[in-house]
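Below: one structure, written as structure tokens.
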Amino acid sequence: MDLDNKTRELLFNKRLHLITGKGGVGKSVVSLALALTLKRTRKRVLFAQMSPVESEKVSNVEIFDKFRDRVTGLDYIYIEPASALEEYGMMILKFRRLYKMIFEDTMVRSSIRAIPSLSFLLLIGKLWYYCTKKRSSGEYVYDYVVVDAPSTGMAISMLNLPHIINDAAPPGPLRDRALDIERMLTDKNTTSVHIVTTCEETPINEAIQLYNVIGQRLSIQMGLLFINQYEALDKGDVEYIEANRDKLPSSIYNCILRKMRDIEYRQREYERLLRHITIQDSRIVRIPLFEDRFDAYRVIKDISEFMERHIEHQDQ
């Protein structure tokens, strides 16, 4: 399953990598694994996680914090509306006292929370800042920015927002910034959006939806399609089990049978996905089910090492 040159370009020749998919499919794990894989190119990598709501970090958003001492050479940022608004407000107003008078007013805070699209704009705006940040030499600060983006519905809303603003907003700073963000997202030399799914009905449905929206409505470069926890039945194993079923205790055979039926169901869902997409097989990365379930970091390392073996990186 080695990837062809075109597919490697989707990783190693793009600076911004947005990873999305249905919640619960391992999106955060795959995102961090991809960041670790890109880090091996000896380039500077920023791993970003974002939450569109003002709340305490949930467990999947804290994934990097848990392993910070075990991951070296990888920069990290957690983007949320409150901190993004503060940075933007300070950039415009310059003085913290003035910022507090305006943006920490109870009525202003309530009004901001009542506009979900503003949260998305703050998130994507801060992401744009880190993607375009340059050194005094003119080089970008980060060679790669890997983003554990919001799940399907919120990701679509966030990625579509700059286009909506450009169509609806009058000329001014807001529209100018939205245009900059849209150019970044739709620049096929800069950005790839990768989808993570498992072989289950709802995740597959959302993966198909994302695939269609990304390519057709958003005009953003579709990257890789990661099939997480992929399992397939080996014909030889099936034949062996059937040939020896009389030698197995019924309880064990029934467990095996349930597992086989589950894998068959997942394989049917995988085949349904293939019928609805047109991307090359080489752009589909089937990540096997790793059993180190009680050591999340070990699973991340396993997936990263799997990517390393199957995605030949280019040292540039």
(message) Given (1) within 18 Å of the chain's Cα centre (by Cα); (2) surrounded by 13 or more Cβ atoms within 10 Å (Cβ to Cβ); (3) of a type outside the set (D, E, K, R), identify the lone condition not met by Met260.
(response) (1)
(request) Output the residue which, of all residues in region 150-165 that are surrounded by 16 or more Cβ atoms within 10 Å (Cβ to Cβ) and more than 21 Å from Val25 (Cβ to Cβ), is nearest to the chain's Cα centre (by Cα). (result) Asn160
(request) Please work out which one of (1) at pLDDT 85 or above; (2) surrounded by 14 or more Cβ atoms within 10 Å (Cβ to Cβ); (3) under 30 Å from Phe12 (Cβ atoms) is the condition Arg266 fails and give its number. (result) (3)
(request) Considering only region 219-238, state which residues are surrounded by fewer than 20 Cβ atoms within 10 Å (Cβ to Cβ) and more than 18 Å from Ser31 (Cα to Cα). (result) Ser219, Glu231, Ala232, Leu233, Asp234, Lys235, Gly236, Asp237, Val238
(request) Starting from residues that are out of contact with any helix residue (DSSP H, G or I) (no Cβ under 6 Å at 6 or more places or on another chain) and either crowded, with 18+ Cβ neighbours inside 10 Å or of a type in the set (A, V, I, L, M, F, W, C) (or both), keep the ones in region 132-145 and report whichever is nearest to Ala155 (Cα to Cα). (result) Tyr142
(request) Look at Asp2 and say whether it is of a type outside the set (Lys, Arg), at pLDDT below 65 and surrounded by fewer than 13 Cβ atoms within 10 Å (Cβ to Cβ). (result) yes
(request) Please note which helices (runs of 4 or more DSSP H) are completely contained in region 156-244 and include at least 3 residues that are in contact with a Lys or Arg (Cβ under 8 Å, 6 or more places away or on another chain). (result) 201-212
(request) Count, please, the residues in region 208-225 that happen to be small (Gly, Ala, Ser), in contact with a Ser or Thr (Cβ under 8 Å, 6 or more places away or on another chain) and without any contact (Cβ under 8 Å) to a residue 60 or more places away in the chain. (result) 1
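The values are calculated or read from the model by the stated rules, or taken from the named source; none is laboratory data. Just so it is clear, the structure is predicted and the values come from calculations on it, not from any experiment. Reconstructed Cβ throughout: ideal geometry from the backbone, glycine too, with neighbour counts over all protein chains shown.
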